[in-house]
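The values are calculated or read from the model by the stated rules, or taken from the named source; none is laboratory data. Computed from a prediction, not measured in an experiment: that's the story for all the values here. Here the Cβ positions follow ideal geometry from the backbone for every residue, glycine too, while neighbour counts run over all protein chains shown.
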Amino acid sequence: LDDGSLKQHVGGYGDESLLFPEDDNAALTTWKPHIIYVEGGNTFWLQYCIEKGNYGSLIKNACITKNINDDDFASIYMGKSAGAIVAGRAVATATWKGWDDPSIVPGKGTYEDWIDSRGLEMLGDCSFFPHMSDDWVELVEEKKKNVLNRIDNDDDEEIKVICLREEDVCCVGGGRKRYFSIQSGPIPLP
C-alpha cells in the first residue's frame, strides 16, 4: 500500500474484459470493485498510508450507495482489525490496548499524537474497537468518556463505539449509515 503498487498482475490475459487496473487509484475508481478489503496490522501505519496515498476519499466514494438500478453500484468495505479501526470516526481506539507501535510513523511516534486523528468515518460518528472480550469492558467504558470526547463532535452527541469480538463482523450499508452486525453472542453496541 505504501509503495502505491497493486499486489496482483497488471493487464489482462488476452481478453480486454479481464484487464486489471494499473495502479491503486484506478482500482478504486474506474475498476469499480465489489469489495474493498482492508487487512489488519499496525493501525497507525495503515492510517498513515491511507493519508499519504490520499486513499480516504477514494475508498469512501467507492462505498457510497449509488442508484441500485444502475450498474454503478457501491463497494462493500470489509476491515479486519486495523482495517476496522480506520473505518471508524476515531483512530484513537488503537491506542487503548497498547498493541500497536505508533513510533513506526514519522512525526507521530506516541499514542498522544493519535488521540485526535480521524478515520474514514464510514459509519458517521461510530468508532470501532476490534478484538473485544470481557477483559476490555471497563477499559472501553473509561476510554469512551475520556478520549473520544476530545475529538470535535459537530453534533454534540456522544461518540459511539462498536465493539467487535473475534468472530463478529459489521457491515455498513453505504451512504445510509446503517449497519448490520453478525455475531455469535451479546456484545455491547451503541
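Figures for the structure shown
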read-out	value
Among the residues listed as Asp101, Asp152, the single one being under 27 Å from Ile36 (Cβ atoms) and at pLDDT below 95	Asp152
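Results for (1) more than 25 Å from Phe128 (Cα to Cα); (2) at pLDDT below 75, shown as yes or no for each residue.
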site	(1), (2)
Gly11	yes, yes
Asp15	yes, yes
Leu19	yes, yes
Ala27	yes, no
Trp31	yes, no
Ile36	no, no
Asn42	no, no
Gln47	no, no
Ile50	no, no
